[in-house]
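So the structure is just underneath, and the comments pick up after that.
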Amino acid sequence: MTALIIEEKCREMLMYGYQALRQFPRHERHVLGAEIRHAMLQLQRLIITAIKRYHKKTTLTDLDVELAVLRRQVRLAKDLTYLDLRRYERWSVMLVELGKMIGGWLRAVNAKQGAAL
């Protein structure tokens, strides 16, 4: 059930991210914008992979790393003034929420594996 909520939150973040990327300057839409799009889609791909896999720990760790990369890229876009503060704050809230959910999922998987030993 939690995995489906994470998947839905990721979809909402993707939709918002694509809207925000439209505001990037033309010369950055195909550089930093493309990197951010790739990171968002990779995040979605890793969520789906984690849902489907029996052993989730490695995939969830990769998911956590990809989220950290996306956070840094969004912060860079804000620092370079490609994103205004309002859009950055809203996008950051979505990323923090996803991070908390992924962290909880990872802790649950670790606890389950620890109980199995």
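The values are calculated or read from the model by the stated rules, or taken from the named source; none is laboratory data. Everything numeric here is computed off the predicted structure, so don't read it as measured data. Here Cβ is always computed from backbone atoms with ideal geometry, including for glycine, and neighbour counts include all displayed protein chains. Each accessible area value is taken on the protein alone, full model and side chains, heavy atoms only, with ligands, DNA and RNA left out. Shrake-Rupley method; radii C 1.70, N 1.55, O 1.52, S 1.80 Å.
Accessible area per residue for the chain is 62 Å², calculated with a 1.4 Å probe on protein heavy atoms, without ligands, DNA or RNA.
Once both labels are positioned 7 Å from their Cα atoms along Cα-to-Cβ, the gap between I51 and K100 label points is 2.2 nm.
Residues whose amide H comes within less than 5 Å of that of Q23, counting only those at least five positions distant or on another chain, are absent (H built at 1.01 Å from N in the peptide plane). Sequence gap of 8 or more, or different chains, plus Cα separation below 30 Å: how many lysine pairs satisfy both in the chain? Total qualifying Lys-Lys pairs in the chain comes to 14. Note on A115 and E89: the model spin-label points, each 7 Å out from Cα along the C-beta direction, lie 4.1 nm apart. Principal semi-axes of the equivalent ellipsoid, √(5λ) from the alpha carbon gyration tensor of the chain, are 29, 13, 12 Å from largest down. Taking region 72-112 and a reference point 7 angstrom along Cα→Cβ of R22, the backbone N atoms nearer than 17 Å belong to 83-84, 87-88, 91. Across region 5-66, C-alpha contacts under 8 Å between residues 6 or more apart give a mean separation that, scaled by the residue count, equals a relative contact order of 34 percent.
State to the nearest 20 debye the size of the charge dipole of region 1-58 about its Cα centre, where the only charges are +1 on K and R beta carbons and -1 on D and E beta carbons.
Once rounded to the nearest 20, the dipole reads 200 debye.
Once neighbouring chains are kept in place and the probe is 1.4 Å, which whole percent of the accessible area of the chain is contributed by carbon and sulfur?
On the way: 4010 of 7290 Å².
Solvent-exposed carbon and sulfur of the chain make up 55 percent of the total.
Quick one: Debye curve from the C-alpha atoms of region 30-99, no solvent, what's log10 I(q)/I(0) at q = 0.18, 0.19 Å⁻¹? The Cα Debye sum returns log10 ratios of -0.69, -0.75.
Can you list residues whose amide H is under 5 Å from L83's amide H, if they're 5+ apart or on another chain and H is modeled 1.01 Å from N? Close amide H contacts, sequence-distant or interchain: K78.
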